[in-house]
1. Could you list, in sequence order, all residues of segment 58-96 that are closer than 14 Å to residue 10 by Cα and small (Gly, Ala, Ser)?
2. With the structure loaded, tell me whether residue 14 is within 24 Å of residue 124 (Cα to Cα) and either more than 17 Å from the chain's Cα centre (by Cα) or of a type in the set (Val, Ile, Thr) (or both) or whether it fails that test.
3. Regarding segment 137-147, can at least one residue be identified that is aliphatic (A, V, I, L, M) and within 21 Å of residue 7 (Cβ to Cβ)?
4. Take residues that are farther than 16 Å from residue 97 by Cα and in contact with a helix residue (DSSP H, G or I) (Cβ under 6 Å, 6 or more places away or on another chain) and tell me which of the strands (runs of 3 or more DSSP E) falling wholly in segment 1-46 contain 1 or more.
5. Of all residues in segment 102-138, which are within 16 Å of residue 70 (Cβ to Cβ), surrounded by fewer than 16 Cβ atoms within 10 Å (Cβ to Cβ) and touching a residue at least 40 places away in the same chain (Cβ under 8 Å)?
6. Do we find that residue 121 is out of contact with any strand residue (DSSP E or B) (no Cβ under 7 Å at 6 or more places or on another chain) and either of a type in the set (Ser, Thr, Tyr) or closer than 21 Å to residue 11 by Cβ (or both) in this structure?
7. Since residue 67 meets every condition but one in (1) under 14 Å from the mean Cα position of the chain (by Cα); (2) crowded, with 17+ Cβ neighbours inside 10 Å, which condition does it not meet?
8. Scan segment 81-91 for residues that are of a type outside the set (Asp, Glu) and either more than 9 Å from the chain's Cα centre (by Cα) or over 17 Å from residue 22 (Cα atoms) (or both) and report the count.
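What follows is calculated from the coordinates using simple rules that are stated; it is not laboratory data. Since this is a predicted model, take the numbers as computed values, not measurements. Note that each Cβ is placed from the backbone with ideal geometry, even for glycine, and that neighbours are counted across all protein chains shown.
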Amino acid sequence: MKKVSHNFSISGPIDDASLEALKTQGVTKIVNVRPDNEEPGQESAEQMAIKVRAHGIEYVHIPVKANCYSEQDIAEFFKQLATGDDKVHAFCRTGNRAIHLWALANSHSETLKYIEKQCEKSECNISSVKDLMQGIEREKVWLGANI
């Protein structure tokens, strides 16, 4: 597990021991970004929901394929992050999609420098979404100049 900010962490697949650790760390919401049937033997989103909720943690499923991040996926992920004092943990097969969605969602409200710094501190690679983030940054500048 990698802590990205004071209220957000990522990982690959989670199990009961991981859920206990996350609960102990104060995680209040888990976001699963894995599509069902991504690999043989993977627990379904429905099975994960039951397991996560049994630990008293809110569960959200936003299935995305690697490097296929729609505006709707990013907006939904941002909505899960922007819910007050929640501590959010997101997971996928490797953690990459989780950090990519975090970086893209935060590109709308944070500077690229801040996002890069947080990812560097947590040893997360966001290079494959850098162009998308820069596009969001340009859009923010344009909107700010035209409001």
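1. Of everything in segment 58-96, those that are closer than 14 Å to residue 10 by Cα and small (Gly, Ala, Ser) turn out to be 90, 95.
2. So residue 14 fits the description; yes.
3. The answer is no, given that none of the residues of segment 137-147 is aliphatic (A, V, I, L, M) and within 21 Å of residue 7 (Cβ to Cβ).
4. Values: elements: 2-5, 8-11, 29-32.
Where strands (runs of 3 or more DSSP E) fall fully within segment 1-46 and carry at least 1 residues being farther than 16 Å from residue 97 by Cα and in contact with a helix residue (DSSP H, G or I) (Cβ under 6 Å, 6 or more places away or on another chain), they are 2-5.
5. Result: 128, single match.
6. Numbers: out of contact with any strand residue (DSSP E or B) (no Cβ under 7 Å at 6 or more places or on another chain): yes; either of a type in the set (Ser, Thr, Tyr) or closer than 21 Å to residue 11 by Cβ (or both): yes.
When the stated conditions are applied, residue 121 passes them.
7. With respect to (1) under 14 Å from the mean Cα position of the chain (by Cα); (2) crowded, with 17+ Cβ neighbours inside 10 Å, residue 67 is out only on (2).
8. Result for segment 81-91: 4.
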